[in-house]
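Inspection log for the structure reproduced underneath, given as structure tokens.
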Amino acid sequence: MRLGITKLRTQILLFALSLVLATTMVIQSISWWSANQFNQQQIRQNTIKAENILRQYIRSSENNLVNSARVLTADFGFKQAVTSGDKDTIASVLMNHGARINADLMLLTDLSGRLISSSHSTIYDEALLSYVVKDLLEKPGTAHIVMLDNRVYELILLPIMAPRTIAYTLVGFELNQTTLNELKQLTGLDITLLKHSVPVYSTLENIPNDAEFIKTINSAHTKWFWMERPTFINSDFMPATTSINPVSILLSADLRPIYQQYDDMSARIILIVLLVMLGSIIVSTIIAHTLTTPLAKLVGIANQFAKGNYDAWQEPGQASSEIRDLAAALRTMGTEVKQREQVVTWQAKHDALTGLFNIHTIRSTLAATMQKYGQCVVVATYIQNFRQINDRLGPEVADACLTVLAQRLNQFATAGEKTNARLEGIEFLSVIQLLPGQSPRQVVEELLDNLDKPFQIGNISLSAHFYAGVCCYPADGYDSKTMLRRVRIAADHARLNRTTIHVYTPGEDENHLEELSLIEALQALLRQPTNIELFLNFQPKVELKNGKMDTVETLIRWHRPGLGRVAPDKFIGLAEQSGLIVELTHWVIQETLKQLRRWRDNGLALNAAINVSAEDLAHPDFCHFLEKQIAVYDIPANSVTIEITERDIMYDEALGIEVLKTLKNAGYMIAVDDYGIGQSSLSKLKILPVDELKLDMSFIRNLDSSLTDQKIVRSTIFLAHSLGLKVVAEGVENAATYSLLQEMGCDSVQGYLISKPRDAEDLVAWLGENNATYSFSADSITH
């Protein structure tokens with residue numbers, strides 16, 4: 001499930017709102033910080049201003065008091081009254097002078113601070129007054145804030161000189177609530193007079209009149225949402241005062257008006273933000289709609305493209321140039337993907353080189369095709385000499401041949417319908433409908449006649465020949481798997497037996513399955529470290545000149561428990577067809593060298609001949625493997641003869657000759673096996689790096705009774721000796737043949753007359769029975 005936040009419309013809206021909120025928060029933060037800094041500065045300035053005003057007020061009052069007091073103390077009549085002690089005159093003068101200067105308090109004390117006279121009838125604490133006078137004397141002429149009789153005065157003390165100091169006069173103005181209110185008007189701050197931290201007078205309202213005042217005013221806070229803000233900023237102002245009943249002044253700046261201004265500004269900003277957010281929602285919704293509507297259409301088109309519906313195109317409508325460009329790109333992409341998909345689909349069903357159906361397509365459609373055609377013939381065709389074309393003329397010419405072959409298959413004229421496919425490499429398949437009266441073999445012969453025509457590739461004219469395997473539907477099968485298997489079995493039969501056409505016959509399928517079973521079993525045996533089914537037999541070779549036996553031919557045998565012996569020609573042929581021949585040869589080489597080592601360790605120095613195939617010579621690791629095993633078992637290279645047939649040498653003549661030269665240079669003996677039945681040629685024989693010819697048993701089996709065979713064998717022996725080669729005759733089965741070969745000058749013989757193939761232990765026993773020196777004659781051999 002997709003979250004709504006992943007939608008572009010939602011993202012645009014969230015972006016707009018986030019931008020507005022972020023901007024608002026930045027503006028609000030800057031505004032708050034700036035306002036706070038400004039207010040703090042204003043409060044500091046106002047506090048300093050208030051302190052200055054208070055100082056000026058006190059100084060101004062002080063000047064008035066000093067001037068008035070000096071006038072009084074300089075009055076001669078007043079001095080006489082003080083000297084005479086006339087209390088009535090003193091009181092009258094104090095009252096009149098105080099009234100004239102608007103003084104609230106006029107006192108006269110003696111030098112010890114005892115009250116002599118007062119402008120008021122108030123009785124003052126003499127001890128307190130004495131302390132006050134004492135403190136004022138420290139700074140005479142300086143105004144002090146003093147508390148007397150629970151009232152606060154700004155007092156000044158001046159001595160009365162006649163000419164010595166005879167008394168002190170104290171003149172003062174009262175500081176009361178009215179005075180504080182006037183000062184508040186001047187300073188703009190609240191003022192509190194404190195005695196021992198207890199308020200005496202204050203312009204603040206609703207405050208405790210006790211010792212908790214300072215704590216209360218410092219902890220006063222104003223609620224703002226979840227925050228608490230201080231109500232006041234307080235500043236202490238310490239005027240000149242007395243040590244007893246000291247009076248201090250507290251200046252308080254009320255922050256609530258400032259908060260109110262800021263709150264009003266915040267409310268206006270929030271209102272503006274809400275309006276901007278509403279506008280941004282509307283605008284972003286319009287923009288999102290403009291963007292997402294055509295994008296949604298494009299998404300729908302892309303989804304249709306994903307389903308393979310490349311024709312589901314519709315214009316996105318009015319949209320920005322970028323979206324129109326995107327739409328054009330999407331349309332182009334759809335067209336190109338459609339074209340590529342068509343190409344990929346075609347390539348998935350067809351062979352890239354020939355354009356015919358490939359094996360996957362024919363497997364999936366063969367059954368339906370055969371049912372559609374009704375009676376039909378299925379033909380698997382192989383090119384006989386394609387390897388030679390590819391090796392001699394190169395892959396380009398070979399590919400051109402395959403292309404021409406495909407064209408001929410498609411152009412083959414038949415009365416019914418046909419379907420052609422390339423299965424693998426040089427294997428082609430044709431399904432041809434049979435009409436009433438048509439013979440399957442006749443149709444196949446016409447097809448091969450059409451294919452057998454020379455190939456004209458550029459300036460090169462090539463002849464190609466074909467093998468064909470044939471199955472008929474529905475006689476030979478109904479389903480694709482069965483028909484493909486059987487037609488390939490028939491084609492393999494034609495190729496292996498070198499017949500142009502082979503029609504599948506019942507039972508070949510079972511033989512093929514048996515062969516597959518043998519191949520699987522052989523493969524499993526070769527992959528095992530040890531096995532008891534594969535083993536070696538050795539057939540002795542005897543030198544006719546002296547009857548000496550020092551060489552054996554290695555022959556592989558296979559005995560399956562419960563199933564019996566498997567014919568060597570059969571499983572070796574299957575190994576060649578299935579690609580197991582190299583592994584099989586490696587096993588034979590390793591086991592042969594291992595046995596030679598055992599014999600030599602027991603004092604029996606025998607040589608061995610090992611048969612190899614064309615696939616072995618073509619394998620890049622063959623020579624290296626042989627050298628490695630020779631080194632492992634410490635066997636001289638000249639103790640091993642490599643036997644290979646003429647046919648295998650000619651399989652890849654250039655490579656075969658090169659490998660044989662490498663082996664001969666390494667010290668191995670080279671023998672041409674089955675000589676006389678392959679592509680025998682004197683020109684080839686003189687360039688082959690061989691040491692001996694091994695006459696095929698077809699010339700030896702009837703040698704004693706066939707003059708023709710005798711002529712062939714005699715001339716071959718003469719020719720071989722002329723070229724410096726030795727001759728070995730295989731298949732010697734009677735004494736007459738033995739004697740004839742001896743008389744013809746043949747070098748060595750082997751066959752059942754000498755000995756049948758034996759296992760290693762039996763061979764040693766046989767050697768001991770015949771002659772301890774391993775010398776033999778036709779009459780002395782014990783079979």
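The values are calculated or read from the model by the stated rules, or taken from the named source; none is laboratory data. Keep in mind that what you see is a predicted model, and the values were worked out from it rather than measured. No Cβ is skipped: glycine too gets one built from the backbone with ideal geometry, and neighbour counts run over all protein chains shown.
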- prompt: Does any residue in the stretch 39-51 that is surrounded by 12 or more Cβ atoms within 10 Å (Cβ to Cβ) come within less than 9 Å, Cβ to Cβ, of a residue that is among the aliphatic types (A, V, I, L, M) and assigned to a helix (DSSP H, G or I) six or more places away or on a different chain, and which pairs are these?
  reply: Asn39/Ile258; Gln42/Ile258; Ile43/Ile258; Ala50/Leu183; Ala50/Leu186
field: Residues that are more than 25 Å from Gln260 (Cβ to Cβ), touching a strand residue (DSSP E or B) at 6+ places or on another chain (Cβ under 9 Å) and not acidic (Asp, Glu), drawn from the stretch 197-231
entry: Ser197, Pro199, Val200, Tyr201, Asn209, Ala211, Ile214
message: For the stretch 666-722, give me each residue that is under 14 Å from Arg647 (Cα atoms), under 60 Å from the mean Cα position of the chain (by Cα) and modelled with pLDDT of 90 or more.
response: Ala671, Val672, Asp673
message: Quick check on this structure: which one of Val640, Val588, Val632, Val612 is assigned by TED's automatic domain parsing to the domain that holds Leu526, aliphatic (A, V, I, L, M), modelled with pLDDT of 90 or more and surrounded by fewer than 14 Cβ atoms within 10 Å (Cβ to Cβ)?
response: Val632
task: For residues that are among the aliphatic types (A, V, I, L, M) and modelled with pLDDT under 95, scanning just the stretch 745-770, find the one that is farthest from the chain's Cα centre (by Cα).
output: Leu753
- request: Could you please let me know if Ile581 is among the hydrophobic types (A, V, I, L, M, F, W, C), under 24 Å from Glu533 (Cβ atoms) and within 46 Å of the chain's Cα centre (by Cα)?
  value: yes
statement: Flagged in the stretch 161-189 as in a strand (DSSP E or B), in contact with a strand residue (DSSP E or B) (Cβ under 6 Å, 6 or more places away or on another chain) and touching a residue at least 60 places away in the same chain (Cβ under 8 Å), in numbering order, are Ile166, Ala167, Tyr168, Thr169, Leu170, Val171, Gly172, Phe173, Glu174
query: For the stretch 44-155, which strands (runs of 3 or more DSSP E) that fit wholly inside it have 2 or more residues that are modelled with pLDDT of 80 or more and polar (S, T, N, Q)?
result: 115-118
- prompt: Does Asn497 satisfy the condition of being out of contact with any strand residue (DSSP E or B) (no Cβ under 7 Å at 6 or more places or on another chain) and polar (S, T, N, Q)?
  reply: yes
task: Please determine, by comparing only the residues of the stretch 351-391 that are among the aromatic types (Phe, Trp, Tyr) and under 24 Å from Thr403 (Cβ atoms), which one is surrounded by the most Cβ atoms within 10 Å (Cβ to Cβ).
output: Phe357
message: Being buried (at least 16 other Cβ atoms within 10 Å of the Cβ), at pLDDT below 85, part of a strand (DSSP E or B) and not charged (D, E, K, R) is the requirement here; does Leu158 meet it?
response: yes
Total residues in the stretch 605-629, condition in contact (Cβ under 8 Å) with a residue 24 or more places away in the chain and either within 15 Å of Ile670 (Cβ to Cβ) or not in a helix (DSSP H, G or I) (or both): 16
message: Considering only residues that are in a helix (DSSP H, G or I) and polar (S, T, N, Q), which ones fall in the stretch 428-454?
response: Gln442, Asn450
message: Within the stretch 527-553, take every residue that is within 60 Å of the chain's Cα centre (by Cα) and at pLDDT 90 or above and give me the one that is farthest from Ser755 (Cα to Cα).
response: Glu533
